[in-house]
Amino acid sequence: MTVFAAVVLFLAAVFNVVTWPRFFQRVAKDPRARNAAGEPTTFYTVHLVLLLIAFAIALAAVVAGILLLV
């Protein structure tokens, strides 16, 4: 059961690392991401924070998965 839990955590980490950067590329190209002066908008900032949180969760999942296997 411990190995299964570790595998699930690793899969969750891979999902976050693969999915969120591709999504963020689309967000960055979206016209709502920048205002007329070219500065980042709240739309961009919110999605950047979501990306960083997803990466933090991925890192925590990898660490937890490793600790389960040790």
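The values are calculated or read from the model by the stated rules, or taken from the named source; none is laboratory data. Just so it is clear, the structure is predicted and the values come from calculations on it, not from any experiment. Using ideal geometry, Cβ is built from the backbone for each residue, glycine included, and neighbour counts are taken over all protein chains shown. These area figures cover heavy atoms from the full protein model, side chains too; ligands, DNA and RNA do not enter into them. Shrake-Rupley method; radii C 1.70, N 1.55, O 1.52, S 1.80 Å.
Within the stretch 19-70, restricting attention to residues that are without any contact (Cβ under 8 Å) to a residue 24 or more places away in the chain and closer than 25 Å to THR2 by Cβ, the residue that is most open to solvent (accessible area, probe 1.4 Å) is VAL70. When restricted to residues that are polar (S, T, N, Q) and not in a helix (DSSP H, G or I), the stretch 1-26 contains 0.
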